[in-house]
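I have placed the structure first, in the form of structure tokens, so that the comments after it can refer back to it.
The values are calculated or read from the model by the stated rules, or taken from the named source; none is laboratory data. Source: prediction; values computed, not measured. Heads up, the Cβs are rebuilt from the backbone with ideal geometry, glycines too, and the neighbour counts pull from every protein chain shown. Ligands, DNA and RNA are excluded from the accessible area calculation, which covers all protein heavy atoms including side chains. Shrake-Rupley method; radii C 1.70, N 1.55, O 1.52, S 1.80 Å.
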Amino acid sequence: MNKGCENFRYMEKGKPWRDLTFKFYDDGKLTIIDNDADEVISPNDLRGDSMDFYVRRRLEYIKNKLTASIQKYA
């Protein structure tokens, strides 16, 4: 089965200036990669502008899924 995935790269604006890749999968799963350290981090490790970015993308995903469901069953 093919899983769709959207990748977003985000550079934090404040210290520690992490370079992050967010992978949002169609099934709702998420992977956040710290590109400098080459390790997977959890949403709990985010703060400031990177947390804001994550929350905005997650809300966008939820809205899109709801819209798709409404259109499917309308």
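General observations
- Separation in nanometres of the label points that stand 7 Å from Cα toward Cβ, at Lys65 and Thr21: 2.3 nm
- Label assignment, semi-axes √(5λ) of the Cα gyration tensor in Å derived from the structure, set (i) 23, 14, 9; (ii) 42, 17, 8; (iii) 27, 14, 8: (iii)
- Over the chain, Cα pairs under 8 Å with separation of 6+ residues give a relative contact order of 19 percent.
- Per residue, the chain reaches -12000 deg cm²/dmol at 222 nm when only DSSP H runs of four or more residues are counted, each adding -39500 (n - 2.57).
- Proximal lysine pairs, the chain, alpha carbons under 27 Å, eight or more residues apart or interchain: 16
- Stretchable slack from Val55 to Asn7, in nm (0.36 nm times residue separation minus alpha-carbon distance): 15.8 nm
- Solvent-accessible area, 1.4 Å probe, carbon plus sulfur percent, for the chain: 52 percent
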